[in-house]
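Here the structure comes first, spelled out in structure tokens, and everything after it is commentary.
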Amino acid sequence: PEESVSGSFASFIQAARPEHLSQTVRQRSKRMILDSIGVGLVGSTTTVFDIALRYCRELYSSVAVSSVYGKPGLKLSPTLAAFTNGVATHSMDFDDTWHPATHPSGAVLPALLAASQMLPPKTKPNGLEFLLAFNVGLEVQGRLMHFSTEAHDIPKRFHPPSVVGTLGSAAAAAKLLSLSSAQCCHALGIAASLAGAPMANAATQAKPLHVGNATRLGLEAALLAARGMEANPLILDDVPGCSGFGAFYSVYHPKPLPAPGEHHEFLLEKQDIAFKRFPAHLGMHWVVDAALSVRNLFVNYAGSFSPSLIRSIVLKIPVSKYINRPFPSSEHQARHSFQFNACAALLDGDVGLGSFSDSSIQRQELRELLDKVVVEHPEDNVANFDKMYGEVALLLHSGDVLTGKCDTFYGHWRKPLSKESLLKKFRSNASHVLPEEKIEAIITLVDNLENLSDSSQL
């Protein structure tokens with residue numbers, strides 16, 4: 001097992017040290033932590049979060065030691081707190097996204113927050129140890145996704161965080177709990193048996209459960225491994241005739257994970273993360289920026305935005321069935337609709353939290369714009385977050401055509417949010433449930449995470 005792919009992952013988890021994190025990796029991961037806390041806080045105001053919280057409080061008795069986003073004074077058992085906070089993080093589809101496609105922070109951070117509060121006082125991890133465990137969870141997710149070319153495209157079969165996120169959570173928790181190399185390997189194996197969720201539940205209230213379950217079940221896998229449960233020690237290897245993790249992919253070519261140190265570079269060093277400016281599927285950010293661009297052209301052309309002058313709206317988008325929704329009827333469908341997000345941006349000149357309310361979705365003027373949408377799928381517009389683009393063309397009754405196109409939206413890993421923009425987003429999200437002094441305290445705490453003596457203060 002020590003010479004296997006699975007064994008190499010386990011050895012990496014066990015051997016990683018804080019000094020292996022470069023300044024770039026530390027800074028980028030702290031940005032992710034701050035953003036994830038913010039979207040979790042605002043996510044604690046949603047209906048799906050309330051359902052998950054009631055489920056946990058009413059159906060489970062627990063040793064209540066771990067905190068819940070947006071609910072001062074309320075605590076749950078560590079695994080249920082991780083689950084509930086994971087649901088909050090993805091409840092608006094507002095959390096960060098990586099490439100190949102997954103939501104890395106929401107699957108890991110709630111497990112670490114819950115585990116930090118679970119540990120006895122004298123064994124609580126410090127901030128640097130917390131940051132290391134977080135990055136171990138990210139690294140495992142990223143490496144697993146690079147084992148299959150299928151993972152590089154917008155998913156069709158399963159929701160990636162429910163798979164790689166579960167193993168990332170297990171790896172992060174295993175690191176925080178100081179498990180042995182053998183226990184880390186078993187934690188990954190156990191997590192693989194707890195992973196998976198179908199894409200058919202995208203754009204429903206069940207989708208946030210994918211992230212909630214990933215972070216909860218990964219933590220459970222690490223806790224079970226710590227208590228002696230064993231699993232297949234070759235779970236990540238490609239063993240002919242007996243699928244392990246490769247069962248999730250039609251093409252799977254695993255490679256050993258190099259030991260941390262001078263010959264290993266964390267993936268976060270090579271590629272930044274995409275942070276969303278508004279709460280919707282990542283693909284929506286291309287069409288919104290394209291729509292805002294063409295809206296500005298239209299206002300300059302006509303003096304104001306006048307839908308009556310528009311004969312049709314042509315969207316040039318990649319093929320992806322679950323985000324091609326002509327007439328969404330719920331907030332979750334609207335967050336996964338190219339058509340809705342383009343028309344909302346055209347009509348309002350912006351997309352934000354309020355754009356996905358029932359009253360906004362059901363507006364007559366919005367419905368009239370949706371009626372004018374025509375979708376095209378150019379061959380060069382592939383369903384890949386690193387290669388796709390969004391184009392919105394307004395065909396006017398006058399015969400004129402106005403076009404806006406976006407290759408890289410603001411917030412994409414190629415065009416990351418500025419510190420000011422990220423802080424603005426965090427403050428806005430957190431203000432829904434926290435007073436200003438606590439918001440600023442969290443910002444300071446995360447910014448100085450390496451110097452924190454007890455990470456459970458988070």
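The values are calculated or read from the model by the stated rules, or taken from the named source; none is laboratory data. Computed from a predicted model, the values in this text were never measured in an experiment. Glycine also receives a Cβ, built like all others from the backbone with ideal geometry; neighbour counts cover every protein chain displayed. Note: areas computed on protein heavy atoms with side chains; ligands, DNA, RNA excluded. Shrake-Rupley method; radii C 1.70, N 1.55, O 1.52, S 1.80 Å.
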Hits in the range 55-97 - residues which are among the acidic types (D, E) and either open to solvent by 60 Å² or more (accessible area, probe 1.4 Å) or at pLDDT below 95 (or both): E58
Of everything in the range 398-455, what is over 22 Å from the mean Cα position of the chain (by Cα), among the hydroxyl-bearing types (S, T, Y) and in a loop (DSSP other than H, G, I, E, B)? Give them in sequence order. S398, S453
Does the range 248-269 contain at least one residue that is farther than 18 Å from H99 by Cβ, open to solvent by 60 Å² or more (accessible area, probe 1.4 Å) and not in a loop (DSSP other than H, G, I, E, B)? no
Under 8 Å between Cβ atoms, at least 6 apart or on separate chains: pull out the pairs that start in the range 200-225 with a residue that is assigned to a loop (DSSP other than H, G, I, E, B) and end on any residue that is basic (K, R) and crowded, with 22+ Cβ neighbours inside 10 Å. A203/R335
E379 vs. criteria within 29 Å of I323 (Cβ to Cβ), out of contact with any Leu (no Cβ under 6 Å at 6 or more places or on another chain), open to solvent by less than 60 Å² (accessible area, probe 1.4 Å) and not in a helix (DSSP H, G or I): no
All positions within the range 345-359 that are surrounded by 13 or more Cβ atoms within 10 Å (Cβ to Cβ), in a helix (DSSP H, G or I) and touching a residue at least 12 places away in the same chain (Cβ under 8 Å): A345, L346, L347, L353, S355, F356
Scan of the range 373-387 for residues that are over 20 Å from F94 (Cα atoms) and in contact with a helix residue (DSSP H, G or I) (Cβ under 8 Å, 6 or more places away or on another chain), ordered by number: V373, V375
For the range 96-104, check the following and say yes or no: at least one residue is closer than 26 Å to C184 by Cα, without any contact (Cβ under 8 Å) to a residue 60 or more places away in the chain and not β-branched (V, I, T). no
Criterion (in contact with a Gly (Cβ under 9 Å, 6 or more places away or on another chain), open to solvent by less than 30 Å² (accessible area, probe 1.4 Å) and in a loop (DSSP other than H, G, I, E, B)) met by exactly one of P318, P328: P318
Considering residues of the range 152-191 that are surrounded by fewer than 24 Cβ atoms within 10 Å (Cβ to Cβ) and of a type in the set (A, V, I, L, M) only, the residue nearest to the chain's Cα centre (by Cα): I154
Selection over the range 93-107 where residues are under 21 Å from R157 (Cα atoms), in contact with a helix residue (DSSP H, G or I) (Cβ under 8 Å, 6 or more places away or on another chain) and either of a type in the set (A, V, I, L, M, F, W, C) or part of a strand (DSSP E or B) (or both) yields a count of 4
